[in-house]
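First comes the structure, then the notes that go with it.
None of the figures in this text is laboratory data; all of them are computed from the coordinates on show. Quick caveat: nothing in here was measured; it's all calculated off a predicted structure. Neighbour counts run over all protein chains shown; Cβ positions are idealised from the backbone, glycine included.
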Amino acid sequence: MTAKPPSYFPAPRRARYCSQCGSPVARRIPEGDNRERDICDHCGAIHYQNPRVVVGTVPIWEDRILLCRRAIEPRYDTWTLPAGFMELGETTAQGAARETLEESGARVQLGGLFTVIDVPQVDQVHIYYLAHALGPDLAPGPESLDARYYKESDIPWDELSFRSVVTTLQHFLDDRRRGVFEPHRYSLESHH
Ligand SMILES: [Zn+2]
């Protein structure tokens, strides 16, 4: 019996072999570039690495906000807005709606772009859209232990998953009090 190793998602991803031809890669600055890349001297492929985009929503039903309790690491068993990595071939809006459906079972009508958050220390950009649920029914998927709509006064601030979730919720509540929703762009550069 061999135990299955745990899966993980290294970022930045350091390749040892070329994903195009399988030869070992070398790390150096390509001609005309200004930073080191993984380069295959056998087939010529240059393996650029770039930030990944996380897309999600702030889904509302009546006056309540949808949160999902994570069934996966990192931050297992904490509450998050529905969000996940954008897939190839989809738009940010499609990805946000897809993640919302997958994690909570909620079908939503997307509203405007709400937060765009740079998280350079993990090479990510987080993008949240406003969203209205088309009904109250929820069916948490395999990545969620639970999903439910929270009144503002019941939001579990001490058990939220990520700073981008905390700050997006704070902006949402502030904008709702002012009666004006507008996009917010900011950076979460380090942990304080
Ligand atoms: Zn190659």
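Take the chain, connect every pair of alpha-carbon atoms lying under 10 Å apart with a spring to form a Gaussian network, then pick out the residue of ARG14, ARG98, ARG75 with the largest mean-square fluctuation. The residue with the greatest mean-square fluctuation here is ARG14.
Would you please classify the overall shape of segment 126-178 from the alpha carbon gyration tensor, given that a ≥ b ≥ c denote the square roots of the eigenvalues, rounded means a/c under 1.5, and beyond that prolate means a/b larger than b/c while oblate covers the rest? Taking the square roots of the gyration eigenvalues as a ≥ b ≥ c, segment 126-178 is prolate. Judged by the gyration tensor of its Cα atoms, with axes a ≥ b ≥ c, segment 86-174 is rounded; a/c sits under the 1.5 cut. Taking the number of Cβ atoms within 10 Å of each Cβ as an exposure proxy, the fewest-first ranking of LYS151, LYS4 is LYS4, LYS151.
Report note on the peptides 22-34, 118-130: ranked by the mean count of other C-beta atoms within 10 Å, highest first, their order is 118-130, 22-34.
Near ASP38, the amide H atoms lying under 5 Å from its own belong to HIS47; only residues 5 or more places off or on other chains count, and H is placed 1.01 Å from N.
How high is the relative contact order of segment 44-172, in percent, with contacts defined as C-alpha pairs under 8 Å that are six or more residues apart?
On the way: 273 pairs, mean separation 41.7, N = 129.
Reported as a whole number, the value is 32 percent.
Scattering from the chain was approximated by placing one identical point on each alpha carbon and applying the Debye formula without solvent; log10 I(q)/I(0) at 0.08, 0.09, 0.10 1/Å stands at -0.33, -0.41, -0.50. For ALA3 and ARG178, the difference between the fully extended length at 0.36 nm per residue and the C-alpha to C-alpha distance is 57.6 nm. Shape summary: segment 1-75 maps onto an equivalent ellipsoid whose semi-axes, from the alpha-carbon gyration tensor, are 38, 21, 9 Å in decreasing order.
Our estimate of slack between GLU62 and ARG14, defined as 0.36 nm per intervening residue step minus the Cα-Cα distance, is 12.7 nm.
Judged by the ratio a/c of the largest to the smallest principal axis of the C-alpha gyration tensor, segment 41-110 counts as prolate, that ratio being 1.5 or greater while a/b is larger than b/c.
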